[in-house]
Amino acid sequence: EYRQLGVLAERFPGVPRIALTATADQRTREEIASELRLGEARQFIASFDRPNLRYRVQDKDSGGRRQFLDFYRGEHAGDAGIVYRLSRKDVEETAGWLVSQSVNALPYHAGLGAEERRRGLERFRKEDGVVVVATIAFGMGIDKPDVRFVAHLDLPKSLEAYHQETGRAGRDGAPADAWMTYGLGDVVRLRGLIDGSESNEERKVVERRKLDALLAYCEVASCRRQALLHYFGETLREPCGRCDTCLEPVSTWDATVAAQKALSAVYRTGQKFGAQHLVDVLIGRSTEKTDRFQHQRLPTFGVGAELDDQAWRSVFRQLTARGLLSVDIAGHNGLRLTERATPVLRGEEPVLLRHDRKPAGRSPRGPRKSSSSLPAGIGGAASEPVAKRFEILRALRKSLAESAKVPPYVIFHDSTLWGIAAANPQRLDDLATVAGIGETKLQRYGEDVLRALGGA
(Lines give C-alpha, C1' and ligand atoms only; values in the text may rest on other atoms or scores of the structure.)
Protein backbone atom coordinates (compact mmCIF):
# COMPACT_ATOMS: atom_id res chain seq x y z
CA GLU A 1 0.00 0.00 0.00
CA TYR A 2 2.89 2.40 0.57
CA ARG A 3 3.22 2.79 -3.21
CA GLN A 4 -0.02 4.77 -3.20
CA LEU A 5 1.76 7.45 -1.16
CA GLY A 6 3.41 8.63 -4.38
CA VAL A 7 0.30 10.75 -4.94
CA LEU A 8 1.45 13.03 -2.11
CA ALA A 9 4.08 14.51 -4.42
CA GLU A 10 1.27 15.75 -6.68
CA ARG A 11 -1.18 16.91 -4.03
CA PHE A 12 1.36 18.64 -1.76
CA PRO A 13 4.30 19.59 -3.99
CA GLY A 14 5.70 22.15 -1.54
CA VAL A 15 5.54 19.99 1.59
CA PRO A 16 8.76 18.26 2.73
CA ARG A 17 8.57 14.49 2.87
CA ILE A 18 10.82 11.88 4.50
CA ALA A 19 10.63 8.08 4.12
CA LEU A 20 11.87 5.95 7.02
CA THR A 21 12.47 2.20 7.14
CA ALA A 22 14.09 -0.08 9.68
CA THR A 23 15.56 -2.60 7.27
CA ALA A 24 15.91 -2.32 3.49
CA ASP A 25 18.51 -3.53 1.01
CA GLN A 26 19.72 -1.33 -1.85
CA ARG A 27 17.07 -2.50 -4.33
CA THR A 28 14.30 -1.79 -1.83
CA ARG A 29 15.71 1.66 -1.08
CA GLU A 30 15.76 2.42 -4.81
CA GLU A 31 12.16 1.22 -5.10
CA ILE A 32 11.05 3.43 -2.21
CA ALA A 33 12.70 6.48 -3.77
CA SER A 34 11.09 5.73 -7.14
CA GLU A 35 7.57 4.85 -5.94
CA LEU A 36 7.35 7.81 -3.54
CA ARG A 37 8.94 10.15 -6.11
CA LEU A 38 11.90 10.94 -3.89
CA GLY A 39 14.49 10.41 -6.60
CA GLU A 40 16.48 13.54 -5.74
CA ALA A 41 16.34 12.97 -1.99
CA ARG A 42 19.48 12.36 0.04
CA GLN A 43 19.76 8.97 1.73
CA PHE A 44 21.02 8.44 5.27
CA ILE A 45 21.94 4.84 6.05
CA ALA A 46 23.03 3.72 9.51
CA SER A 47 24.96 0.52 10.17
CA PHE A 48 22.95 -2.69 9.97
CA ASP A 49 25.17 -4.34 12.57
CA ARG A 50 23.65 -5.31 15.91
CA PRO A 51 26.84 -6.28 17.74
CA ASN A 52 25.14 -7.52 20.92
CA LEU A 53 23.17 -10.20 19.03
CA ARG A 54 24.59 -13.69 18.63
CA TYR A 55 23.32 -15.34 15.44
CA ARG A 56 22.74 -19.10 15.46
CA VAL A 57 21.10 -21.46 12.96
CA GLN A 58 20.44 -25.16 13.61
CA ASP A 59 19.29 -27.94 11.31
CA LYS A 60 15.68 -28.70 12.19
CA ASP A 61 14.93 -32.00 13.88
CA SER A 62 11.32 -33.19 14.20
CA GLY A 63 9.75 -29.76 13.95
CA GLY A 64 12.30 -27.95 16.10
CA ARG A 65 10.18 -27.60 19.25
CA ARG A 66 12.36 -29.84 21.40
CA GLN A 67 15.50 -28.12 20.10
CA PHE A 68 14.07 -24.76 21.11
CA LEU A 69 13.08 -26.05 24.54
CA ASP A 70 16.62 -27.28 25.14
CA PHE A 71 17.98 -23.91 24.05
CA TYR A 72 15.52 -22.07 26.31
CA ARG A 73 16.08 -24.22 29.38
CA GLY A 74 19.82 -24.29 28.96
CA GLU A 75 20.41 -20.58 28.34
CA HIS A 76 17.30 -18.45 28.80
CA ALA A 77 15.03 -20.01 31.43
CA GLY A 78 13.00 -17.20 32.97
CA ASP A 79 13.92 -14.69 30.25
CA ALA A 80 11.53 -12.77 28.05
CA GLY A 81 11.59 -13.82 24.42
CA ILE A 82 9.70 -14.12 21.14
CA VAL A 83 9.19 -17.32 19.14
CA TYR A 84 8.07 -16.79 15.55
CA ARG A 85 5.97 -19.34 13.68
CA LEU A 86 4.62 -19.06 10.14
CA SER A 87 0.97 -20.02 10.70
CA ARG A 88 -1.66 -19.33 13.35
CA LYS A 89 -2.13 -23.05 13.87
CA ASP A 90 1.57 -23.53 14.60
CA VAL A 91 1.47 -20.59 17.01
CA GLU A 92 -1.40 -22.11 18.99
CA GLU A 93 0.09 -25.61 19.09
CA THR A 94 3.59 -24.41 20.03
CA ALA A 95 2.38 -22.08 22.76
CA GLY A 96 0.19 -24.82 24.23
CA TRP A 97 3.04 -27.32 24.15
CA LEU A 98 5.44 -24.90 25.84
CA VAL A 99 2.91 -24.25 28.60
CA SER A 100 2.68 -28.02 29.11
CA GLN A 101 6.47 -27.96 29.55
CA SER A 102 6.17 -25.33 32.32
CA VAL A 103 7.21 -22.38 30.13
CA ASN A 104 5.41 -19.09 30.77
CA ALA A 105 4.23 -18.83 27.15
CA LEU A 106 1.27 -17.30 25.38
CA PRO A 107 0.09 -17.14 21.73
CA TYR A 108 -0.30 -13.98 19.66
CA HIS A 109 -1.69 -13.71 16.12
CA ALA A 110 -4.20 -11.67 14.15
CA GLY A 111 -6.91 -14.32 14.52
CA LEU A 112 -7.23 -13.79 18.28
CA GLY A 113 -9.81 -11.38 19.65
CA ALA A 114 -8.73 -7.80 20.25
CA GLU A 115 -9.11 -8.14 24.02
CA GLU A 116 -7.06 -11.34 24.16
CA ARG A 117 -4.30 -9.70 22.11
CA ARG A 118 -4.37 -6.66 24.40
CA ARG A 119 -4.07 -8.81 27.53
CA GLY A 120 -1.21 -10.79 26.02
CA LEU A 121 0.65 -7.65 25.05
CA GLU A 122 0.18 -6.22 28.54
CA ARG A 123 1.56 -9.38 30.12
CA PHE A 124 4.57 -9.33 27.82
CA ARG A 125 5.29 -5.68 28.60
CA LYS A 126 4.72 -5.75 32.35
CA GLU A 127 5.68 -9.25 33.49
CA ASP A 128 9.15 -10.75 33.62
CA GLY A 129 9.98 -13.87 31.68
CA VAL A 130 6.98 -14.09 29.32
CA VAL A 131 7.62 -15.97 26.07
CA VAL A 132 5.33 -14.91 23.22
CA VAL A 133 4.77 -17.38 20.38
CA ALA A 134 3.63 -15.31 17.44
CA THR A 135 3.21 -14.79 13.74
CA ILE A 136 4.74 -11.66 12.24
CA ALA A 137 1.53 -9.88 13.34
CA PHE A 138 3.46 -9.42 16.60
CA GLY A 139 6.33 -6.99 16.67
CA MET A 140 5.44 -3.71 15.02
CA GLY A 141 5.61 -1.02 17.70
CA ILE A 142 7.02 -3.39 20.32
CA ASP A 143 9.77 -1.59 22.21
CA LYS A 144 10.47 -3.88 25.17
CA PRO A 145 14.21 -3.48 25.81
CA ASP A 146 14.91 -6.66 27.77
CA VAL A 147 13.90 -9.31 25.22
CA ARG A 148 16.77 -11.77 25.60
CA PHE A 149 16.08 -13.92 22.54
CA VAL A 150 14.15 -14.10 19.29
CA ALA A 151 13.69 -17.63 17.97
CA HIS A 152 12.47 -18.65 14.52
CA LEU A 153 11.01 -22.15 14.36
CA ASP A 154 10.10 -21.50 10.72
CA LEU A 155 12.10 -19.67 8.09
CA PRO A 156 11.17 -16.00 7.71
CA LYS A 157 10.40 -14.90 4.17
CA SER A 158 13.56 -12.87 3.60
CA LEU A 159 16.73 -11.59 5.22
CA GLU A 160 15.04 -8.20 5.62
CA ALA A 161 12.27 -9.82 7.66
CA TYR A 162 14.80 -11.86 9.63
CA HIS A 163 16.94 -8.81 10.43
CA GLN A 164 13.92 -6.78 11.47
CA GLU A 165 12.43 -9.53 13.65
CA THR A 166 15.71 -10.47 15.35
CA GLY A 167 16.26 -6.76 16.07
CA ARG A 168 13.49 -6.95 18.66
CA ALA A 169 15.95 -8.71 20.96
CA GLY A 170 18.55 -6.94 23.06
CA ARG A 171 17.37 -3.37 22.61
CA ASP A 172 18.89 -2.55 25.99
CA GLY A 173 22.33 -3.25 24.51
CA ALA A 174 22.92 -6.36 26.63
CA PRO A 175 23.74 -9.66 24.89
CA ALA A 176 20.83 -11.49 23.28
CA ASP A 177 20.33 -14.46 20.97
CA ALA A 178 18.91 -14.67 17.45
CA TRP A 179 18.24 -18.41 17.22
CA MET A 180 16.73 -20.20 14.21
CA THR A 181 16.14 -23.75 13.08
CA TYR A 182 15.26 -24.78 9.55
CA GLY A 183 15.01 -27.81 7.31
CA LEU A 184 14.04 -28.93 3.83
CA GLY A 185 10.36 -28.70 4.73
CA ASP A 186 10.73 -24.95 5.30
CA VAL A 187 12.30 -24.53 1.86
CA VAL A 188 9.48 -26.51 0.24
CA ARG A 189 6.85 -24.55 2.13
CA LEU A 190 8.16 -21.08 1.28
CA ARG A 191 8.89 -21.89 -2.36
CA GLY A 192 5.38 -23.29 -2.61
CA LEU A 193 3.90 -20.10 -1.15
CA ILE A 194 5.81 -17.99 -3.66
CA ASP A 195 4.96 -20.10 -6.71
CA GLY A 196 1.33 -20.48 -5.68
CA SER A 197 0.71 -16.81 -4.90
CA GLU A 198 -1.33 -14.47 -7.10
CA SER A 199 1.62 -12.08 -7.53
CA ASN A 200 2.81 -11.31 -11.04
CA GLU A 201 5.87 -13.12 -12.35
CA GLU A 202 8.13 -10.10 -11.85
CA ARG A 203 7.24 -10.02 -8.14
CA LYS A 204 7.77 -13.77 -7.83
CA VAL A 205 11.26 -13.44 -9.30
CA VAL A 206 12.10 -10.86 -6.61
CA GLU A 207 10.69 -13.06 -3.84
CA ARG A 208 12.59 -16.12 -5.10
CA ARG A 209 15.81 -14.13 -5.12
CA LYS A 210 15.21 -12.97 -1.55
CA LEU A 211 14.51 -16.55 -0.45
CA ASP A 212 17.70 -17.73 -2.16
CA ALA A 213 19.67 -15.08 -0.23
CA LEU A 214 18.11 -16.26 3.03
CA LEU A 215 18.96 -19.89 2.28
CA ALA A 216 22.53 -18.92 1.42
CA TYR A 217 22.75 -17.24 4.83
CA CYS A 218 21.46 -20.38 6.55
CA GLU A 219 24.00 -22.60 4.76
CA VAL A 220 27.02 -20.26 4.97
CA ALA A 221 30.20 -21.84 6.32
CA SER A 222 31.96 -18.53 7.04
CA CYS A 223 31.09 -15.78 9.54
CA ARG A 224 27.32 -15.41 9.67
CA ARG A 225 27.43 -11.73 10.65
CA GLN A 226 29.69 -10.92 7.69
CA ALA A 227 27.22 -12.66 5.35
CA LEU A 228 24.25 -10.80 6.82
CA LEU A 229 25.90 -7.39 6.61
CA HIS A 230 27.18 -8.09 3.08
CA TYR A 231 23.58 -8.61 1.96
CA PHE A 232 22.78 -5.05 3.07
CA GLY A 233 25.85 -3.65 1.34
CA GLU A 234 27.97 -3.30 4.47
CA THR A 235 31.46 -4.76 4.95
CA LEU A 236 32.74 -6.30 8.18
CA ARG A 237 36.47 -6.67 7.63
CA GLU A 238 37.09 -9.43 10.17
CA PRO A 239 34.91 -12.36 11.30
CA CYS A 240 32.85 -11.32 14.32
CA GLY A 241 34.02 -14.19 16.54
CA ARG A 242 30.61 -14.42 18.22
CA CYS A 243 28.20 -16.14 15.80
CA ASP A 244 27.80 -19.92 15.68
CA THR A 245 29.99 -20.40 12.61
CA CYS A 246 32.80 -18.41 14.26
CA LEU A 247 32.52 -20.14 17.63
CA GLU A 248 32.17 -23.61 16.07
CA PRO A 249 33.69 -23.45 12.56
CA VAL A 250 31.81 -25.42 9.92
CA SER A 251 33.66 -27.96 7.81
CA THR A 252 32.76 -28.79 4.20
CA TRP A 253 33.11 -31.96 2.18
CA ASP A 254 33.35 -32.90 -1.48
CA ALA A 255 29.80 -34.02 -2.09
CA THR A 256 30.01 -34.21 -5.88
CA VAL A 257 29.36 -37.97 -6.06
CA ALA A 258 26.64 -37.81 -3.40
CA ALA A 259 24.96 -34.95 -5.27
CA GLN A 260 25.05 -36.93 -8.52
CA LYS A 261 23.44 -39.90 -6.78
CA ALA A 262 20.75 -37.69 -5.25
CA LEU A 263 19.97 -35.91 -8.52
CA SER A 264 19.94 -39.22 -10.39
CA ALA A 265 17.46 -40.65 -7.86
CA VAL A 266 15.18 -37.67 -8.46
CA TYR A 267 15.35 -38.15 -12.23
CA ARG A 268 14.94 -41.96 -12.31
CA THR A 269 11.95 -41.93 -9.95
CA GLY A 270 10.10 -39.53 -12.26
CA GLN A 271 10.72 -36.19 -10.47
CA LYS A 272 7.55 -36.46 -8.41
CA PHE A 273 8.59 -37.75 -4.98
CA GLY A 274 9.61 -36.03 -1.77
CA ALA A 275 12.94 -36.28 0.03
CA GLN A 276 12.06 -39.15 2.40
CA HIS A 277 11.13 -41.54 -0.39
CA LEU A 278 14.28 -40.58 -2.30
CA VAL A 279 16.35 -41.30 0.82
CA ASP A 280 14.70 -44.73 1.08
CA VAL A 281 15.63 -45.43 -2.54
CA LEU A 282 19.25 -44.34 -2.10
CA ILE A 283 19.75 -46.32 1.10
CA GLY A 284 18.00 -49.36 -0.40
CA ARG A 285 15.18 -49.49 2.11
CA SER A 286 12.16 -51.52 1.05
CA THR A 287 8.90 -49.72 1.88
CA GLU A 288 5.29 -49.92 0.77
CA LYS A 289 5.95 -47.07 -1.68
CA THR A 290 9.16 -48.50 -3.16
CA ASP A 291 7.34 -51.82 -3.61
CA ARG A 292 4.31 -50.19 -5.23
CA PHE A 293 6.37 -48.23 -7.75
CA GLN A 294 8.92 -51.04 -8.21
CA HIS A 295 11.79 -48.71 -7.40
CA GLN A 296 13.93 -51.64 -6.22
CA ARG A 297 14.62 -52.24 -9.91
CA LEU A 298 16.20 -48.82 -10.42
CA PRO A 299 20.00 -48.62 -10.73
CA THR A 300 20.00 -45.96 -7.98
CA PHE A 301 18.32 -48.26 -5.44
CA GLY A 302 20.80 -48.85 -2.61
CA VAL A 303 23.71 -46.90 -4.17
CA GLY A 304 23.81 -44.49 -1.22
CA ALA A 305 24.17 -46.88 1.70
CA GLU A 306 27.38 -45.10 2.79
CA LEU A 307 25.30 -42.21 4.21
CA ASP A 308 22.53 -42.36 6.82
CA ASP A 309 19.09 -40.76 6.68
CA GLN A 310 20.18 -37.52 8.32
CA ALA A 311 23.11 -37.07 5.94
CA TRP A 312 20.95 -37.65 2.86
CA ARG A 313 18.28 -35.24 4.10
CA SER A 314 21.05 -32.69 4.52
CA VAL A 315 22.19 -33.30 0.93
CA PHE A 316 18.67 -32.81 -0.46
CA ARG A 317 18.14 -29.71 1.70
CA GLN A 318 21.38 -28.09 0.54
CA LEU A 319 20.83 -29.00 -3.13
CA THR A 320 17.37 -27.42 -2.92
CA ALA A 321 18.77 -24.36 -1.14
CA ARG A 322 21.34 -23.96 -3.95
CA GLY A 323 18.69 -24.17 -6.65
CA LEU A 324 19.73 -27.53 -8.16
CA LEU A 325 16.35 -28.92 -7.16
CA SER A 326 12.95 -27.23 -7.19
CA VAL A 327 9.61 -28.07 -5.62
CA ASP A 328 6.68 -29.07 -7.80
CA ILE A 329 3.77 -27.63 -5.81
CA ALA A 330 1.30 -28.96 -8.38
CA GLY A 331 2.65 -32.47 -7.89
CA HIS A 332 2.42 -33.03 -4.12
CA ASN A 333 5.67 -31.14 -3.43
CA GLY A 334 7.84 -33.59 -5.33
CA LEU A 335 11.44 -32.60 -6.07
CA ARG A 336 12.42 -31.79 -9.66
CA LEU A 337 15.73 -31.09 -11.38
CA THR A 338 16.54 -27.55 -12.49
CA GLU A 339 18.86 -26.46 -15.30
CA ARG A 340 21.60 -25.91 -12.72
CA ALA A 341 21.65 -29.66 -12.01
CA THR A 342 22.86 -30.57 -15.51
CA PRO A 343 26.57 -29.66 -15.17
CA VAL A 344 26.72 -31.50 -11.84
CA LEU A 345 25.25 -34.67 -13.34
CA ARG A 346 27.73 -34.43 -16.22
CA GLY A 347 30.64 -34.09 -13.82
CA GLU A 348 31.43 -30.59 -15.07
CA GLU A 349 30.86 -28.84 -11.74
CA PRO A 350 32.05 -29.93 -8.27
CA VAL A 351 29.77 -29.66 -5.24
CA LEU A 352 30.97 -28.74 -1.75
CA LEU A 353 28.43 -29.08 1.06
CA ARG A 354 28.42 -28.30 4.76
CA HIS A 355 28.90 -30.97 7.38
CA ASP A 356 25.83 -30.60 9.56
CA ARG A 357 26.60 -30.53 13.24
CA LYS A 358 25.39 -33.47 15.26
CA PRO A 359 22.62 -32.49 17.69
CA ALA A 360 24.00 -31.61 21.09
CA GLY A 361 22.89 -33.46 24.17
CA ARG A 362 19.95 -32.17 26.15
CA SER A 363 20.65 -29.09 28.24
CA PRO A 364 20.02 -29.13 31.97
CA ARG A 365 16.40 -28.54 32.87
CA GLY A 366 17.21 -26.01 35.57
CA PRO A 367 17.87 -22.35 34.77
CA ARG A 368 21.44 -21.49 33.90
CA LYS A 369 22.70 -18.15 32.74
CA SER A 370 25.27 -18.43 30.01
CA SER A 371 27.61 -15.64 29.03
CA SER A 372 25.15 -14.73 26.26
CA SER A 373 22.66 -13.62 28.92
CA LEU A 374 25.02 -11.34 30.81
CA PRO A 375 25.89 -7.71 30.15
CA ALA A 376 29.34 -6.72 29.00
CA GLY A 377 31.81 -6.46 31.85
CA ILE A 378 30.62 -9.42 33.90
CA GLY A 379 31.94 -12.10 31.55
CA GLY A 380 31.65 -15.86 31.81
CA ALA A 381 28.72 -17.69 33.32
CA ALA A 382 27.20 -16.07 36.40
CA SER A 383 28.33 -17.50 39.70
CA GLU A 384 25.61 -18.95 41.90
CA PRO A 385 25.62 -16.03 44.41
CA VAL A 386 25.40 -13.45 41.58
CA ALA A 387 22.57 -15.36 39.88
CA LYS A 388 20.75 -15.63 43.22
CA ARG A 389 21.06 -11.88 43.85
CA PHE A 390 19.82 -11.20 40.31
CA GLU A 391 16.64 -13.23 40.96
CA ILE A 392 16.08 -11.37 44.26
CA LEU A 393 16.46 -8.04 42.49
CA ARG A 394 14.14 -9.15 39.69
CA ALA A 395 11.44 -10.01 42.23
CA LEU A 396 11.92 -6.57 43.84
CA ARG A 397 11.68 -4.89 40.43
CA LYS A 398 8.44 -6.71 39.67
CA SER A 399 6.94 -5.55 42.97
CA LEU A 400 8.03 -1.95 42.40
CA ALA A 401 6.71 -2.01 38.83
CA GLU A 402 3.32 -3.34 39.92
CA SER A 403 3.04 -0.62 42.56
CA ALA A 404 3.93 2.08 40.05
CA LYS A 405 1.83 0.44 37.29
CA VAL A 406 4.71 0.56 34.81
CA PRO A 407 6.67 -2.13 32.92
CA PRO A 408 9.60 -3.60 34.92
CA TYR A 409 12.23 -2.18 32.57
CA VAL A 410 11.11 1.34 33.51
CA ILE A 411 12.38 0.62 37.03
CA PHE A 412 15.68 -1.03 36.00
CA HIS A 413 16.96 -2.70 32.84
CA ASP A 414 18.24 -6.27 33.10
CA SER A 415 21.79 -5.05 32.56
CA THR A 416 21.44 -2.78 35.59
CA LEU A 417 20.17 -5.66 37.74
CA TRP A 418 23.14 -7.79 36.69
CA GLY A 419 25.47 -4.92 37.51
CA ILE A 420 23.98 -4.56 40.99
CA ALA A 421 24.07 -8.33 41.54
CA ALA A 422 27.74 -8.48 40.57
CA ALA A 423 28.72 -5.45 42.66
CA ASN A 424 26.69 -6.54 45.73
CA PRO A 425 26.64 -3.00 47.16
CA GLN A 426 26.37 -2.52 50.93
CA ARG A 427 25.86 1.26 50.97
CA LEU A 428 24.13 3.84 48.78
CA ASP A 429 27.52 5.20 47.73
CA ASP A 430 28.43 1.73 46.42
CA LEU A 431 25.12 1.43 44.58
CA ALA A 432 25.64 4.83 42.94
CA THR A 433 28.69 3.50 41.09
CA VAL A 434 26.67 0.87 39.18
CA ALA A 435 25.91 1.75 35.54
CA GLY A 436 22.24 2.64 35.13
CA ILE A 437 21.81 4.04 38.66
CA GLY A 438 21.34 7.78 38.41
CA GLU A 439 20.56 10.18 41.24
CA THR A 440 16.80 9.88 40.79
CA LYS A 441 16.77 6.09 40.85
CA LEU A 442 19.18 6.04 43.75
CA GLN A 443 16.84 8.21 45.81
CA ARG A 444 13.69 6.41 44.68
CA TYR A 445 14.80 2.77 44.92
CA GLY A 446 18.19 2.67 46.66
CA GLU A 447 17.02 1.74 50.14
CA ASP A 448 14.70 -0.97 48.73
CA VAL A 449 17.62 -2.49 46.82
CA LEU A 450 19.92 -2.54 49.85
CA ARG A 451 17.22 -4.09 52.05
CA ALA A 452 16.55 -6.79 49.46
CA LEU A 453 20.24 -7.64 49.16
CA GLY A 454 20.70 -7.55 52.90
CA GLY A 455 18.19 -10.35 53.28
CA ALA A 456 19.86 -12.52 50.65
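The values are calculated or read from the model by the stated rules, or taken from the named source; none is laboratory data. Predicted model, so just to flag it, every value in this text is computed and none were measured. Don't worry about glycine lacking a Cβ; one is built from the backbone with ideal geometry, like all the others, and counts go over all protein chains shown. Heavy atoms of the whole protein, side chains included, go into the accessibility calculation; ligands, DNA and RNA do not. Shrake-Rupley method; radii C 1.70, N 1.55, O 1.52, S 1.80 Å.
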_Relative contact order of the chain, defined on C-alpha pairs under 8 angstrom at six or more residues apart (%)_ = 16
_Separation in nanometres of the label points that stand 7 Å from Cα toward Cβ, at Ala9 and Val206_ = 1.6
_Please enumerate, by chain and number, the lysines with C-alpha under 17 Å from the C-alpha of Lys144, excluding those fewer than 8 residues away in the same chain._
Lys126, Lys398, Lys405
*Sequence-distant or interchain residues sharing an amide H contact under 5 Å with Val83, placed H: which?*
Val132, Val133, Ala134, Ala151
*Under a 1.4 Å probe, what is the accessible area of the stretch 1-149 per residue, stated in Å²?*
53
*Roughly how many debye, to the nearest 20, is the charge dipole of the stretch 83-209 about its Cα centre, given +1 on each Lys and Arg Cβ, -1 on each Asp and Glu Cβ, and no other charges?*
80
*asked:* Just the number please: accessible area per residue for the stretch 291-356, 1.4 Å probe, all protein chains included, in Å².
replied: 54
*asked:* Students often forget the sequence filter, so: which lysines lie under 17 Å Cα-Cα from Lys204 once same-chain residues fewer than 8 apart are removed?
replied: Lys157
*In the chain, which longest range has no GluC sites (Glu not before Pro) that are both DSSP loop (not H, G, I, E or B) and surrounded by at most 16 other Cβ atoms within 10 Å?*
349-456
*Taking only DSSP H segments of four or more residues, each worth -39500 (n - 2.57), what value at 222 nm results for the chain once the sum is divided by all its residues, to the nearest 500 deg cm²/dmol?*
-13000 deg cm²/dmol
_Let's see if you can work this out: charge +1 on each Lys and Arg Cβ, -1 on each Asp and Glu Cβ, no other charges. What is the dipole magnitude of the stretch 143-189 about its Cα centre, in debye to the nearest 20?_
60
*Round to the nearest 10 and give me the degree value, 0 to 90, for the angle of helix 201-219's Cα axis relative to the longest principal axis of the chain.*
70
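Taking the square root of 5 times each eigenvalue of the Cα gyration tensor, what semi-axes in Å does the equivalent ellipsoid of the chain have, largest first?
Numbers: eigenvalues 389, 168, 85 Å².
In descending order, the three semi-axes are 44, 29, 21 Å.
Given a 1.4 angstrom probe, I'd like the percentage of the accessible area of the chain that is carbon and sulfur, rounded to a whole number. All intermediate terms of the calculation are to be shown ahead of the outcome.
Working: 11370 of 22770 Å².
Roughly 50 percent of what the probe reaches on the chain is carbon or sulfur.
For a protection proxy built on the mean count of beta-carbon atoms within 10 angstrom, sort 95-107, 221-233 highest first, please. Display every interim value, and only then the final one.
Details: 95-107: 17.5, 221-233: 19.4.
Highest mean packing first, the order is 221-233, 95-107.
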*Gyration tensor verdict on the stretch 291-361 (Cα atoms; rounded if a/c is under 1.5, prolate if a/b is larger than b/c, oblate otherwise)*: rounded
*Helix 88-100 versus the longest principal axis of the chain: what angle, 0 to 90°, nearest 10, using Cα atoms?*
60
*Taking only the alpha carbons of the stretch 177-285, what extent do you get along each of the three principal axes, in Å, biggest first?*
46, 39, 24
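For a quick check of your reading of the filter: which chymotrypsin sites (Phe, Trp or Tyr not before Pro) in the stretch 14-68 sit in a DSSP loop and have no more than 12 other Cβ atoms within 10 Å? Intermediate results must be reported in sequence, preceding the final value.
On the way: sites: Phe44, Phe48, Tyr55, Phe68; in loops: Phe44, Phe48.
Filter output for the stretch 14-68: Phe44.
Report the FRET efficiency, 1/(1 + (r/R0)^6), for His355 and Thr21, where r is their Cβ-Cβ distance and R0 is 45 Å, rounded to 0.05.
Details: r = 38 Å, r/R0 = 0.83.
Result of the calculation: an efficiency of 0.75.
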*asked:* Viscosity 1.306 mPa s, temperature 10 °C: what is the translational diffusion coefficient of the stretch 20-130 from Stokes-Einstein with a Kirkwood Rh over Cα pairs, rounded to a whole number of µm²/s?
replied: 91
*If one takes the longest principal axis of the Cα atoms in the chain, at what angle in degrees, from 0 to 90 and to the nearest 10, does the Cα axis of helix 256-268 lie?*
60
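Distances longer than 17 Å among the Cα atoms of the stretch 96-151: what percent of all pairs is that? Kindly include the intermediate steps, with their values, before the conclusion.
Details: 531 of 1540 pairs.
That fraction is 34 percent.
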*Alpha carbon centre of the stretch 209-238 versus the stretch 55-121: separation in Å?*
26
*Between the stretch 414-431 and the stretch 294-308, how many Å separate their Cα centres?*
64
*Among DSSP beta bridges lying fully in the chain, give the percent that are antiparallel, nearest 5.*
25
